[in-house]
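Asks: Below is the structure I would like to discuss, written out as structure tokens.
The values are calculated or read from the model by the stated rules, or taken from the named source; none is laboratory data. Everything numeric in this text was worked out from a predicted model, so none of it was measured. A quick note on method: Cβ atoms are made from the backbone with ideal geometry, for glycine too, and the neighbour counts reach across all protein chains shown.
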Amino acid sequence: MKILLPGIYPRSEKLVACTRDFERGRITLNELKKIRRDDVEKFYKLQNGFKYISTGLFEWQDLLRPFINIVHNSREGELLRFFETNTFCRIIESKNKPELMEGKIGDWIETYFFAEGYFKNDINLIIPFPFLYLFQDFSRGISLKEISKIFIRLIGGINKLKNKALFFLEPSFGWRKIKDEEKLEGRKFIERLKEKFNIPIFLYTFFFSIEEDMDFIFNLPFDGIGIDFYSNTTSKIMGKFPKDKSLLAGVINVYSTIIEDREKIRKVIRKLENYISIEKIYLIPSGPPEFLPRITMDQKVENLKGVFK
Amino acid sequence: MKLKPFLTHEIGSLSKPSWRVKTIRGIPLEDKDIEEAINWGKLLEIEGKDKLLEILKKRRDFKKYEKEEIVYFSSLYATKLIEKAGIDLVYDGEQHRVEMYEYPIKRIKGFIFKGHVRSFDNKYYRKASFIGKPELKEFYHVKEFERISTFAKKPVKIPITGAYTLVDWSYNEYYLKDISPGENNIRKERKGGKSQFLRKMAREIIYPNLQALYNRGAKFLQIDEPAATTKRDEIPELVNTFKESIGDLKGNVFFSTHICFSKYSLLFPKIERLEGILNEVHFEYANRDTRELGVKEKKRKGYKILEKFKDNKFVVGLGVIDVHTNFIEPPELVRDRILYAIKIIKDPERIFVAPDCGLRTRRWEIAFKKLRNMVEGKIMAEKEIGI
């Protein structure tokens, strides 16, 4: 089944309500964890047959928060609008030199990427990370170089595990101008990762048109690139798409609850086949799945499975 | 409409008393809930509070008419709290409403709730899809306006969630139902679909609501647009939405807008096209400011955006109270924030004083102290400049 679901997956209505109950002291942490585990279990079943499984990240509050627990001298700051959405993310502030808590890397990976121990170490898992520019835009007092350094060490820990795929989430392309020196740092970072580690690495762009940066993006040594096809036009993007990389085609519309018309999706795939071989195409949400309610997202995934029948 | 300088007003929400929340949710009342009703009733000198206490004595299984009475009393209590603090324009802190999105959407045909999506941290809101022609089921703020007007001793200001925010916080599935991934001009298509949705909501939902309030005597209406700057390239659409929402009511009512926790610079200069339509533009400032006294730029760093108001005619709605902290701003701090604004704006008649946003996340004790100090700080500023 060629569907992948990177990013934070929506919590069920029950988990939303129970998290609120927990915060108000109405239920215990163990009760909350049990309900969260039910969410993980159902989500795992939904992904039966997928090449890489997403854990859902149901305990995450946003894409950056876990890093506070692995970076010394960092803390959560004010809320900042998450790009052009109505979701807000807390920035990470670092007043002194940010340093990695080296001794905690193993535990940190276990806590945040294995759904509180639900998944075994050797399962094919998607490991999501914010990419450098996203991290920089939502942090204060941490330079791109420092972010790269921290990430390389953390990814070293992930690389030791079998069957993982690293997905970098990055909506900054098309949202702001990425300066030349930032591009250079981004390129050096990915090259370094590819040189040191053998984990497959994907870039997941969303929310905006990547047209202006596509030459840069397409030439980075990623194994695959995700494109939001509700913000980009196929004919404008795919002409230059590198044939040796996988395409993560963002065709599940996260801006609408309407279930996709399978025939339309098949047509889109046929169109994409003009540019890239079918083996290299994966279908993904056009942006973070948590922008839809859980029930809708589940229905969309079930429906999409039918595209391959 | 000529109004006095440094007119004070609140911004919308107050928290709801526990005896109101629990009765509506069907949770039995405890002694502390009854005590809260007694104590605030005394402090605010609520007429007829014995009737409320009589109803609350039941503690559980309230009938529909009893719940309605309880909502009436929470509206009365909240309005009196605001009056007691000395505020010039009053309201009941949204005691009749659930919150600013769900409440109006439930009263408009064409929407269907789909489920919860994250707002921030572990906070979620119920998001709806727009699936058909929008049609008002009722003028959804008239009842509260009429009710508050019966007991308010000061002019009443009613907030209404603006069309842009209602649209931006909903899925647009009526005008964009046939969209295909990767199609030509897909971003343009999405933008066009949103413009149609905005126009419809402004003309057929917000304008009739504002008109109904005006027809019943409302003189102060506040259009809340917290989503105003969400999308950088949609400021022209936002401006048009205000124009269409207010229409021929301009000049007949004092219209303000409240926008918060946003990148305000994006609004300028396009928002200036609303001069003569919108009277007051209120932002949140205190949240970005220092707590140190003084009127130097370094101390008042939260008020930088005031520069943008120097050359237009808007009344500046000046947020001087941070609503996300229990810190009680001393009157001297409020005074200095106002005096700093005077340094930039020059004309005291162009400055109204308010909290940054609604105070619903604060307990009443805190909200009351904050509002009282706000009024005291305003009086100190008046003395300072001799008015």
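Asks: From the list A:Phe167, A:Phe229, A:Phe207, A:Phe138, pick out the single residue that is within 14 Å of chain B (Cβ to nearest Cβ), hydrophobic (A, V, I, L, M, F, W, C) and closer than 25 Å to A:Ser94 by Cβ.
Replies: Of the residues listed, the single one that is within 14 Å of chain B (Cβ to nearest Cβ), hydrophobic (A, V, I, L, M, F, W, C) and closer than 25 Å to A:Ser94 by Cβ is A:Phe138.
Asks: Now, a different point. Provide a single number: the residues in the range B:106-118 that are within 14 Å of another protein chain (Cβ to nearest Cβ) and either over 10 Å from B:Ser170 (Cα atoms) or touching a residue at least 24 places away in the same chain (Cβ under 8 Å) (or both).
Replies: Of the residues in the range B:106-118, 6 are within 14 Å of another protein chain (Cβ to nearest Cβ) and either over 10 Å from B:Ser170 (Cα atoms) or touching a residue at least 24 places away in the same chain (Cβ under 8 Å) (or both).
Asks: Answer yes or no: is there a residue in the range A:278-287 that is more than 10 Å from chain B (Cβ to nearest Cβ), assigned to a loop (DSSP other than H, G, I, E, B) and either modelled with pLDDT under 95 or out of contact with any helix residue (DSSP H, G or I) (no Cβ under 7 Å at 6 or more places or on another chain) (or both).
Replies: yes
Asks: Looking at A:Lys14, A:Lys51, which one is within 20 Å of A:Ser286 (Cβ to Cβ), surrounded by fewer than 19 Cβ atoms within 10 Å (Cβ to Cβ), out of contact with any Cys (no Cβ under 9 Å at 6 or more places or on another chain) and in contact (Cβ under 8 Å) with a residue 12 or more places away in the chain?
Replies: Just one listed residue meets the conditions, A:Lys51.
Asks: Which of the residues spanning the range B:323-341 are in a loop (DSSP other than H, G, I, E, B) and in contact with a helix residue (DSSP H, G or I) (Cβ under 7 Å, 6 or more places away or on another chain)?
Replies: Residues satisfying the conditions are B:His324, B:Asn326, B:Ile328, B:Glu329, B:Pro330.
Asks: To continue, here is another question. Taking the criterion of being in contact with a Leu (Cβ under 8 Å, 6 or more places away or on another chain) and within 14 Å of chain A (Cβ to nearest Cβ), would at least one residue in the range B:147-157 satisfy it?
Replies: Looking for residues that are in contact with a Leu (Cβ under 8 Å, 6 or more places away or on another chain) and within 14 Å of chain A (Cβ to nearest Cβ), one finds none in the range B:147-157, hence no.
Asks: Can you name every residue in the range A:177-207 that is in contact (Cβ under 8 Å) with a residue 40 or more places away in the chain and outside any helix (DSSP H, G or I)?
Replies: A:Ile178, A:Phe197, A:Ile199, A:Phe202, A:Leu203, A:Tyr204, A:Phe206, A:Phe207
Asks: Let me ask something additional. Mind telling me which of the residues B:Val320, B:Val295, B:Val315, B:Val353 ends up being more than 29 Å from B:Thr161 (Cβ to Cβ), in contact with a helix residue (DSSP H, G or I) (Cβ under 6 Å, 6 or more places away or on another chain) and aliphatic (A, V, I, L, M)?
Replies: B:Val295
Asks: Considering every residue within the range A:35-47, establish whether at least one is touching a Cys at 6+ places or on another chain (Cβ under 9 Å) and either buried (at least 17 other Cβ atoms within 10 Å of the Cβ) or more than 13 Å from chain B (Cβ to nearest Cβ) (or both).
Replies: The answer is yes; a qualifying residue exists.
Asks: For the subset of the range A:181-191 comprising residues that are touching a helix residue (DSSP H, G or I) at 6+ places or on another chain (Cβ under 7 Å) and crowded, with 16+ Cβ neighbours inside 10 Å, which member is nearest to the other protein chains (Cβ to nearest Cβ)?
Replies: Restricting to residues being touching a helix residue (DSSP H, G or I) at 6+ places or on another chain (Cβ under 7 Å) and crowded, with 16+ Cβ neighbours inside 10 Å, the top hit is A:Glu182.
Asks: A further question on this structure: Considering only residues of the range B:67-79 that are in contact (Cβ under 8 Å) with a residue 60 or more places away in the chain and touching an Asp or Glu at 6+ places or on another chain (Cβ under 9 Å), which is surrounded by the fewest Cβ atoms within 10 Å (Cβ to Cβ)?
Replies: B:Ser75
Yes/no per residue for (1) over 24 Å from B:Gly12 (Cβ atoms); (2) aliphatic (A, V, I, L, M):
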| position | (1), (2) |
| --- | --- |
| B:Phe283 | no, no |
| B:Asp289 | no, no |
| B:Lys298 | yes, no |
| B:Asp311 | yes, no |
| B:Ile321 | no, yes |
| B:Pro331 | no, no |
| B:Tyr340 | yes, no |
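Asks: Please state which one of B:Ile46, B:Ile87, B:Ile131, B:Ile55 is away from every other protein chain (no Cβ under 14 Å), surrounded by 15 or more Cβ atoms within 10 Å (Cβ to Cβ) and over 25 Å from the mean Cα position of the chain (by Cα).
Replies: On inspection, the qualifying residue turns out to be B:Ile55.
Asks: Further, regarding this structure: Evaluate the following for A:Glu260: is it within 13 Å of another protein chain (Cβ to nearest Cβ), in contact (Cβ under 8 Å) with a residue 40 or more places away in the chain and either acidic (Asp, Glu) or in contact with a His (Cβ under 9 Å, 6 or more places away or on another chain) (or both)?
Replies: In short, yes.
Asks: Of the conditions (1) within 14 Å of chain A (Cβ to nearest Cβ); (2) within 20 Å of B:Leu136 (Cβ to Cβ), B:Asp178 fails just one. Which one is it?
Replies: Checking B:Asp178 against (1) within 14 Å of chain A (Cβ to nearest Cβ); (2) within 20 Å of B:Leu136 (Cβ to Cβ), the one that fails is (2).
Asks: With respect to B:Arg187, determine if the residue is at the interface with another protein chain (Cβ under 10 Å from one of its Cβ atoms) and surrounded by fewer than 24 Cβ atoms within 10 Å (Cβ to Cβ).
Replies: Against the criterion (at the interface with another protein chain (Cβ under 10 Å from one of its Cβ atoms) and surrounded by fewer than 24 Cβ atoms within 10 Å (Cβ to Cβ)), B:Arg187 qualifies.
Asks: Further, regarding this structure: Enumerate the pairs (first residue in the range B:41-52 and of a type in the set (Val, Ile, Thr); second residue anywhere and surrounded by 14 or more Cβ atoms within 10 Å (Cβ to Cβ) and in a helix (DSSP H, G or I)) with beta-carbon separation below 7 Å, excluding pairs fewer than 6 apart on the same chain, so at least 6 apart or on different chains.
Replies: Note: pairs meeting the criteria are B:Ile46/B:Leu76; B:Ile46/B:Tyr77; B:Ile46/B:Lys80.
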